Amino acid sequence: MAIATTEPLRGYPEAFFELDSRALRQPAWLRELRERGFARFRDVGFPTTRNEDWRFTNVNAIAQTAFQPAPAQSVTFAALEPFLIPGAACHLVFVNGQYAARLSRIAGLPAGVEAGSLGEAIQNNRKPAESHLGRYLNVERDAFCALNTALLEDGGYVYLPRRADVEAPICLLFVSLPGTIPSMAHPRTLIVAEDEAQASIVEQYISLGAGEVFFSNSATELVAGEGAVVSHYLVERQDRNAFKISTLRSEQARSANVTSHSILLGGALVRNNVHPVLAGEGSECLINGLFIAAGKQHIDNYMLVEHARPHSSSRQFYNGILDGHSRGVFHGRIIVHKDAQKTDAKQTNRNLLLSDDAQIDTKPQLEIYADDVKCTHGATIGQVEENALFYLRSRGISEGAARRLLLLAFANECLERMKCPVMRAYLEGVIQAWLPATSTGAPPEAGEIERRWEEAG
Amino acid sequence: MSMLEIKNLHAKINNHFILKGVDLVVNAGEVHSIMGPNGSGKSTLAQVLARRETYEITAGEVLFGGKDLLSMKPEEVACEGLFMAFQYPIEIPGISNAYFLRAALNAIRKFRGEEELDAMDFLPLLKDKMRLLDMDERFLNRAVNEGFSGGEKKRNEIVQMAVLEPRLAILDETDSGLDIDALRIVAKGVNLMRRPDRGILLVTHYQRLLNYIVPDFVHVLVDGKIVKSGGPELALELEEKGYGWAEPEAATAIR
Ligand SMILES: Nc1ncnc2c1ncn2[C@@H]1O[C@H](COP(=O)(O)OP(=O)(O)OP(=O)(O)O)[C@@H](O)[C@H]1O
Ligand SMILES: [Mg+2]
């Protein structure tokens, strides 16, 4: 049973007030924002499985662990090299949630484009930070967003002026350093694309070194002005102990086009919220996701697409591969508000179960308050197809290699939806390396000791 | 030694007995045609030879190059040089034709102890074979058979055969569903593959294909057994008289 709300909120009030004393110059608006987040979190606490949005995911393991804010630390540049994306426009590095200027490479961005630390942007009174931060993320609905806001200190800041066009991806690398005690970070990222700006922004989460469990609770607000075209990539590659909650909240003006790509591979307990609001007429969004889970991993994907104005369209394609004892969740909620006539929304979730013990819960949820709309959804759960397997084997390809090829093909469906060739190439390599050399159904990194996180709850 | 020797082969699926004692010998350099009515077991024979494991062998023996074929896995017979063109080729979204065929060729080359080909060496080879089958280069990067028309799928099978260069090619109704131009192209591709060291087994329903690829031997499969064997003239006779004519004669089919 999950009764996390009655648990004392261990360490969080201390973290909240400690941040007050540490933050050099905290503008009043920020202090207010944080206070609201903290008050809300204190009132509701962590969600339980009685909350419909959390029905399939028990976060007791998070609620019952006393996390300390991860200390500011450094790593060597060499340790990051395997995670740098060849062809990126720039790399911003964050260690335990804090911007690491020394490790970041930001030369070469077009004039007017800003990419750096959100903490610094606030310190420097950057106008977009004040006018947008906290305006979109819903701290009332989601306790993790409230917590992220309460402990808001640093994270990524990307500003794209009107008509800016950055072809290569802007890459944010978030490094978790597991410590001797359970530690946490709450990186907050703000992406503001003014009218007709175009760019791709990548958030990649990794772990370096071994230690106690790390809890990363990130939240990103993405604002796309009229006609802006923005692709967002989330790449989750933390270790198999990590707890990861991530939220992407995007706000799209007229004719804005936002794409959210999620590639979820690492982590013990992962919850990925993608929440676009199509607030302008004719805006479009594409949600494209791939999750690959094995061992005891639990990966929960919560999509909430809100159509607020007429003629907007959304597409969701989400593929899951589940092996071992892993569990996956796909919750696809679409809300079509009263004014959003001529909405065109489509959702597809396809899952491959590689073992008898793996499990997927998939739940579409359509709430339609307009009368002239087109909404479709579909979900499939299956195994690797015998027909396809035999076809490949009949051409000389071994069974293991054929299985692997079919998994890559399934993953490729997601990669093919990525327009940025740099990211496609990078992620293809990441996924190839992630899937075992010949798939026999054994989990990647078999033999690795995994934390039985669900037993903690 | 014969290239392929099938002796008294019995096979069933889901408790349906389909092959009921097939005997057939194919030597290097020969082209054999197997004809027969719908449901007589032609595809079953082809799939059993390609080692589809869903069919259970209940009796009989098959030697391929003197080796026990029935103990091999699908990939092993393929590496030993057997190729089966599917009656209904499978669509595999997410893998490009070029990637798939290179993986296949390299698996076979590796088995033979030959060096694997990189994309640079492989592409010209593949393009060459595609030109032979009149297939546009855009098929290189399209997902395997995905959204291909019936005829394009069949031609793609022959491209695969031409790239993999098997010792024994089994074509399961590669002609059906082809218009006359496509049929000519496919026949040209197959005829180019005819060689003294290669055997070809054409499974077909209609005599039509045999106007373009003249077989050395024709066999009639009815209800899981070869009931008649003869030369190319047998196909014409069948065309004229129908399968009913061949049926009553329980002929011994070994040449
Ligand atoms: N999975 C299966 N379960 C039960 N019966 C099957 C199965 N697969 C094939 N059969 C039956 O086996 C018989 C032989 O089928 P097969 O496909 O080998 O015939 P065929 O000679 O190739 O026919 P066609 O000319 O239509 O291609 C048919 O009666 C078919 O219905
Ligand atoms: Mg058939």
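Worth pointing out:
- Subset of the stretch B:10-24 that is more than 26 Å from residue B:194 (Cβ to Cβ) and buried (at least 16 other Cβ atoms within 10 Å of the Cβ) - its residue that is farthest from ligand 1 (Cβ to nearest atom): B:10
- Among residues of the stretch B:73-84 that are more than 11 Å from residue B:52 (Cα to Cα), those with a beta-carbon under 6 Å from a residue that is of a type in the set (Phe, Trp, Tyr) at least six positions away or on a different chain give the pairs B:79/B:111.
- Summed over the stretch A:240-256, the residues that are over 12 Å from residue A:272 (Cα atoms), in contact with a Gly (Cβ under 8 Å, 6 or more places away or on another chain) and modelled with pLDDT of 95 or more give a count of 6.
- Entry remark, the stretch B:25-37: residues being more than 13 Å from ligand 2 (Cβ to nearest atom) and open to solvent by 10 Å² or more (accessible area, probe 1.4 Å) number 5 in total.
- Qualifying residue in the stretch B:1-24 (condition: within 16 Å of ligand 2 (Cβ to nearest atom) and on the phi > 0 side of the Ramachandran plot): no
- Of all residues in the stretch A:361-372, those satisfying the criterion of being open to solvent by 20 Å² or more (accessible area, probe 1.4 Å) and in contact with a strand residue (DSSP E or B) (Cβ under 9 Å, 6 or more places away or on another chain) are A:361, A:362, A:363, A:364, A:365, A:366, A:367, A:368, A:369.
- Answer residue from the stretch B:38-87, given it is exposed (fewer than 15 other Cβ atoms within 10 Å of the Cβ) and within 11 Å of another protein chain (Cβ to nearest Cβ) and is nearest to ligand 2 (Cβ to nearest atom) among those: B:54
- Boolean, residue B:99 is within 16 Å of ligand 2 (Cβ to nearest atom) and either modelled with pLDDT of 95 or more or within 14 Å of chain A (Cβ to nearest Cβ) (or both): no
- Cβ-Cβ distances below 7 Å connect the following pairs, each with a first residue in the stretch B:219-239 that is on the phi < 0 side of the Ramachandran plot and in contact (Cβ under 8 Å) with a residue 60 or more places away in the chain, a second residue that is more than 16 Å from ligand 1 (Cβ to nearest atom) and in a strand (DSSP E or B), and a separation of six or more residues or different chains: B:219/B:229; B:226/B:23.
- Cβ pairs under 8 Å, 6+ apart, first in the stretch B:102-128 and part of a helix (DSSP H, G or I), second surrounded by 11 or more Cβ atoms within 10 Å (Cβ to Cβ) and among the polar types (S, T, N, Q): B:104/B:160; B:107/A:398
- The single condition among (1) out of contact with any Gly (no Cβ under 6 Å at 6 or more places or on another chain); (2) more than 10 Å from ligand 1 (Cβ to nearest atom); (3) under 25 Å from residue B:166 (Cα atoms) that residue B:46 does not satisfy is (2).
- Filtered by the rule that a residue be part of a loop (DSSP other than H, G, I, E, B) and either at pLDDT 95 or above or open to solvent by less than 60 Å² (accessible area, probe 1.4 Å) (or both), the stretch A:373-412 gives A:373, A:384, A:394, A:395, A:396, A:397, A:398.
- In the set (1) in contact (Cβ under 8 Å) with a residue 40 or more places away in the chain; (2) open to solvent by 10 Å² or more (accessible area, probe 1.4 Å), the condition left unmet by residue B:179 is number (1).
- Residue check for residue B:154: open to solvent by 10 Å² or more (accessible area, probe 1.4 Å) and under 30 Å from residue A:397 (Cα atoms): yes
- In the stretch B:92-106, the condition of being open to solvent by 30 Å² or more (accessible area, probe 1.4 Å) and more than 30 Å from residue A:319 (Cα to Cα) is met by no residue.
- If the condition is being away from ligand 2 (no atom under 16 Å from the Cβ) and either over 30 Å from residue B:134 (Cα atoms) or crowded, with 21+ Cβ neighbours inside 10 Å (or both), then the stretch B:190-216 contributes B:190, B:199, B:200, B:210, B:213, B:215.
- Matching residues in the stretch B:226-237 - criterion: being away from ligand 2 (no atom under 16 Å from the Cβ) and out of contact with any helix residue (DSSP H, G or I) (no Cβ under 9 Å at 6 or more places or on another chain): B:229, B:231, B:233
- Residues of the stretch B:129-165 classified as within 16 Å of ligand 2 (Cβ to nearest atom) and in contact (Cβ under 8 Å) with a residue 40 or more places away in the chain, total: 3
- With respect to the conditions (1) over 17 Å from residue A:253 (Cα atoms); (2) open to solvent by less than 10 Å² (accessible area, probe 1.4 Å), residue A:305 falls short on a single one, namely (1).
- Filtering the stretch A:55-83 to residues that are surrounded by fewer than 16 Cβ atoms within 10 Å (Cβ to Cβ) and either on the phi > 0 side of the Ramachandran plot or part of a loop (DSSP other than H, G, I, E, B) (or both) leaves A:64, A:66, A:71, A:72, A:73, A:74, A:76.
- Here residue B:168 passes the criteria (1) surrounded by 21 or more Cβ atoms within 10 Å (Cβ to Cβ); (2) away from ligand 2 (no atom under 16 Å from the Cβ); (3) more than 22 Å from residue B:67 (Cα to Cα) except the one numbered (3).
- 1 or more residues closer than 30 Å to residue B:96 by Cα: qualifying helices (runs of 4 or more DSSP H) within the stretch B:153-251: B:180-193
- Matching entry among A:394, A:398 (being facing chain B (nearest Cβ under 9 Å) and touching a residue at least 12 places away in the same chain (Cβ under 8 Å)): A:398
- In the stretch B:39-68, the residues that are free of Cβ contacts under 8 Å to residues at least 60 places away in the same chain, of a type in the set (A, V, I, L, M, F, W, C) and closer than 15 Å to residue B:4 by Cα: B:48, B:62
- In the stretch A:308-349, the residues that are among the polar types (S, T, N, Q), surrounded by fewer than 20 Cβ atoms within 10 Å (Cβ to Cβ) and outside any loop (DSSP other than H, G, I, E, B): A:313, A:348
- Residue within the stretch B:56-74 that is of a type outside the set (Phe, Trp, Tyr), modelled with pLDDT of 95 or more and within 13 Å of ligand 1 (Cβ to nearest atom) present: yes
- All positions within the stretch A:178-205 that are assigned to a strand (DSSP E or B) and within 28 Å of residue A:64 (Cα to Cα): A:183, A:184, A:185, A:188, A:189, A:203, A:204, A:205
The values are calculated or read from the model by the stated rules, or taken from the named source; none is laboratory data. Keep in mind that what you see is a predicted model, and the values were worked out from it rather than measured. All Cβ positions, even for glycine, are placed from backbone atoms using ideal geometry, and neighbour counts span all protein chains on display. Heavy atoms of the whole protein, side chains included, go into the accessibility calculation; ligands, DNA and RNA do not. Shrake-Rupley method; radii C 1.70, N 1.55, O 1.52, S 1.80 Å.
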